[in-house]
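Report on the structure given below.
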Amino acid sequence: MSHAAFFTPDLEATLTFYIDVLGLRLSDRSGPGAFLHGAHGSEHHMVAFAQSSQAGFHHSAWEVGSVDEVGLGAAQMARAGYTEGWGLGRHVLGSNYFHYVRDPWGGFAEYSFDMDYVPADFDWPSTEASPENGLYLWGPPPPDDFGVNSEGAKP
């Protein structure tokens, strides 16, 4: 597993806990979201959080060995009936190739390859990206509900 992303009703309190208590470091922010990496050296983000009215799960990300494996994973999921999602594309923050597949619970599983790595001894210069410029460099536009917290939603 590469990373996970969650919704939180209090982004600032969540960041304070993960940074000041657990020792993670801020990689970047984009609108109502933030990405954190490990002090021991890790990918651009081990965990990400987005502001929402309630806590929830957004996605799990699974690292694969090549951009071809991202596409092959998407094709495998489509053959299994999971055709809803987003990708193939490349993120701006983290720089990884991606393809997201909607999971049965309303979140996403992401195939991910080639994310930026932050060494332990490197002082990563965190940035503040606008939501429209921080999500993806290229690829199809995300689904309209990509940033929507589906936890607690009525069927």
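The values are calculated or read from the model by the stated rules, or taken from the named source; none is laboratory data. Quantities reported herein were computed from a predicted structural model and do not represent experimental measurements. Positions of Cβ are generated from backbone atoms using ideal geometry, with glycine treated the same way; all protein chains shown enter the neighbour counts.
Of the numbered criteria (1) part of a strand (DSSP E or B); (2) touching a Lys or Arg at 6+ places or on another chain (Cβ under 9 Å); (3) of a type outside the set (Gly, Ala, Ser); (4) over 18 Å from residue 3 (Cβ atoms), the one residue 82 fails is (1). Selection of the range 94-120 for residues being in contact (Cβ under 8 Å) with a residue 60 or more places away in the chain, assigned to a loop (DSSP other than H, G, I, E, B) and over 15 Å from the mean Cα position of the chain (by Cα) yields 119, 120.
Taken over the range 17-72, residues that are of a type outside the set (A, V, I, L, M, F, W, C) and not in a strand (DSSP E or B) amount to 18.
From the list 66, 60, 30, exactly one residue is out of contact with any Asp or Glu (no Cβ under 6 Å at 6 or more places or on another chain), of a type in the set (Ser, Thr, Tyr) and exposed (fewer than 13 other Cβ atoms within 10 Å of the Cβ). Which is it? Lay out the reasoning, then the answer.
Numbers: 60 fails: exposed (fewer than 13 other Cβ atoms within 10 Å of the Cβ); 30 fails: exposed (fewer than 13 other Cβ atoms within 10 Å of the Cβ).
Only one candidate qualifies: 66.
Checked against (1) closer than 18 Å to residue 131 by Cα; (2) surrounded by 20 or more Cβ atoms within 10 Å (Cβ to Cβ), residue 47 meets all criteria but (2). Cβ-Cβ distances below 7 Å connect the following pairs, each with a first residue in the range 141-155 that is at pLDDT below 90, a second residue that is surrounded by fewer than 16 Cβ atoms within 10 Å (Cβ to Cβ), and a separation of six or more residues or different chains: 151/54; 152/54.
A single member of 109, 129 is aliphatic (A, V, I, L, M) and closer than 18 Å to residue 57 by Cα, and it is 109.
Looking across the range 1-20 at every residue that is of a type in the set (Val, Ile, Thr) and more than 21 Å from residue 108 (Cβ to Cβ), the one that is surrounded by the fewest Cβ atoms within 10 Å (Cβ to Cβ) is identified as 16. Of all residue pairs spaced 6 or more apart or on separate chains, those with beta-carbon atoms under 6 Å, a first member in the range 124-137 that is part of a helix (DSSP H, G or I) and a second member that is among the hydroxyl-bearing types (Ser, Thr, Tyr) and surrounded by 11 or more Cβ atoms within 10 Å (Cβ to Cβ) are 131/30; 134/30.
Only a single criterion out of (1) within 27 Å of residue 53 (Cβ to Cβ); (2) surrounded by 12 or more Cβ atoms within 10 Å (Cβ to Cβ); (3) not β-branched (Val, Ile, Thr) is not satisfied by residue 112, namely (1). The condition (being under 30 Å from residue 121 (Cα atoms) and touching a residue at least 60 places away in the same chain (Cβ under 8 Å)) is satisfied by just one residue among 59, 91, 40: 40.
Taking the criterion of being touching a Lys or Arg at 6+ places or on another chain (Cβ under 8 Å) and of a type in the set (A, V, I, L, M), the residues of the range 100-155 that qualify are 118, 129, 137.
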